[in-house]
Amino acid sequence: MSISTEHTAENAEDYNELQKQRETFIASLSHDLKNPTIAQIRVIELLLKGKFGKILPEQREIMEMLLDSCRYMNSMLCSVLTTYRNEKGTIYLASERVSLADMAVECVDEMIYLAKDKGIKISIENSAEKEYVWGDAVQLKRVIMNLLSNSIKYAYPNTELKVKVYNEANNTCFMFENNSPYLTPERRKSIFARYISYSKTHSGIGLGLYASKKIVDAHGGTIFVRSYEDEKNIFGFKIPNDDDLKNKKRQVTF
């Protein structure tokens, strides 16, 4: 049985048109989301400057966290727009000196109230003598935020989440350990694939860990997961801390 080349061409044309519509929709949505994000940043900045009256110290702390989160969201939206401007969906990574220890603290501060809502205590241990790597700060923060949000989302209530920054061989490493459902070897093998969710019992489109692996790979690093039958899970990544990587040109395609 032969397949009409005319129909095949029509199907391919329809598929390409659908892809273009999808990409245009996502790019337009990302662009439109930038406006309220920028407005939020401006309002919070004015509040912090006391333009609308005096604020209490504890209120300032929360608003500063909100401001950091909004700025991070704005950076991510810019990254999405940059990706969709490129036909191949490629992001060219910046090369700057990034402290994974400082970034871990920054990300935990932004997520702390989500953890408190579940009664989860977060501890940070930094044993790294070399905590700096050369990479893209926005994209590396994206990885840590993905890992942390997952760790809080799937952790059992009223448990401890341990965050660690350490050195291993010539790498600077970030990892977390939490108490959450056991992941079988089959699940661990596919968990960083596109559209695979961390847990079958939770909703999600399964892109966070996929994107995280792509970003870590682009930095010459390794992302990993370990799971134990006593329901302790470890997620993390390793990035080379070689100063020779300072001027290396890198890119990631999603």
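The values are calculated or read from the model by the stated rules, or taken from the named source; none is laboratory data. Not measured: the values here are computed from a predicted model. We place every Cβ from the backbone using ideal geometry, glycine too, and count neighbours over all the protein chains shown.
Results, tabulated for the structure shown:
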| item | result |
| --- | --- |
| Neighbours by Cβ (under 6 Å, 6+ apart or cross-chain): first from the stretch 123-135, in the same structural domain as LEU161 (by TED's automatic domain parsing); second among the aromatic types (Phe, Trp, Tyr) | SER127/TYR166; ALA128/TYR166 |
| Selection count, the stretch 191-220, where residues are at pLDDT 90 or above, over 18 Å from LEU148 (Cα atoms) and either out of contact with any Ser or Thr (no Cβ under 9 Å at 6 or more places or on another chain) or basic (Lys, Arg) (or both) | 3 |
| Qualifying residue in the stretch 161-169 (condition: assigned to a loop (DSSP other than H, G, I, E, B) and touching a Lys or Arg at 6+ places or on another chain (Cβ under 7 Å)) | no |
| Residue in the stretch 74-90 that is modelled with pLDDT of 80 or more and either not assigned by TED's automatic domain parsing to the domain that holds MET145 or not hydroxyl-bearing (Ser, Thr, Tyr) (or both) present | no |
| Hits in the stretch 97-113 - residues which are modelled with pLDDT under 90 and loosely packed, with under 14 Cβ neighbours inside 10 Å | TYR113 |
| Selection within the stretch 38-57 - over 20 Å from LEU77 (Cα atoms), part of a helix (DSSP H, G or I) and touching a helix residue (DSSP H, G or I) at 6+ places or on another chain (Cβ under 8 Å) | LEU47, LEU48 |
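Every residue, every condition in (1) modelled with pLDDT of 85 or more; (2) more than 23 Å from ARG142 (Cα to Cα); (3) not assigned by TED's automatic domain parsing to the domain that holds CYS107, yes or no:
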position: SER30; (1), (2), (3): no, no, yes
position: LYS34; (1), (2), (3): no, no, yes
position: ALA39; (1), (2), (3): no, no, yes
position: LEU48; (1), (2), (3): yes, yes, yes
position: GLY53; (1), (2), (3): yes, yes, yes
position: LEU56; (1), (2), (3): yes, yes, yes
position: ARG60; (1), (2), (3): yes, yes, yes
position: LEU67; (1), (2), (3): yes, no, yes
position: ARG71; (1), (2), (3): no, no, yes
